[in-house]
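The values are calculated or read from the model by the stated rules, or taken from the named source; none is laboratory data. Since the structure is predicted, the reported quantities are computational estimates derived from the model, not experimental observations. Backbone-built Cβ (ideal geometry, glycine too); neighbour counts: all protein chains shown.
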Amino acid sequence: MVKCEKCESELPEKANFCPNCGHSTGRMIKEEFKISSEDLVKKVKDLIKEGNITKIIVKNEKDRVLLEMPVTAGVVGTILAPWLAALGVIAALATKCTISVERRALN
């Protein structure tokens, strides 16, 4: 059985995170997109619709984290609305953004 590299507890088969400490098992795919602030909300909505996203991090041009948003399966409009409102404020203040995305690796 595979062990977590951080806490060394045994991992269930196909686990993306350690159930003991939450450390990533490396079965996640990370991507970054550099976009203008005008396209920020639309791009995040498109990413969420893809369905295999677990986390979205929005950074400004100085690589400072502005928003870290967990994404779960079945996210609906009322749960998503406060996050999108925050993205709207970020888009008004920033000029260029980087979106870091964590996806579940397809096994």
Filtered residues of the range 1-39 (kept if among the β-branched types (Val, Ile, Thr) and over 29 Å from Arg64 (Cα atoms)): Val2
For the range 36-78, give me the residue count where each residue is modelled with pLDDT under 85 and part of a loop (DSSP other than H, G, I, E, B). 8
Within the range 38-54, track down each residue that is of a type in the set (Lys, Arg) and buried (at least 16 other Cβ atoms within 10 Å of the Cβ). Lys43
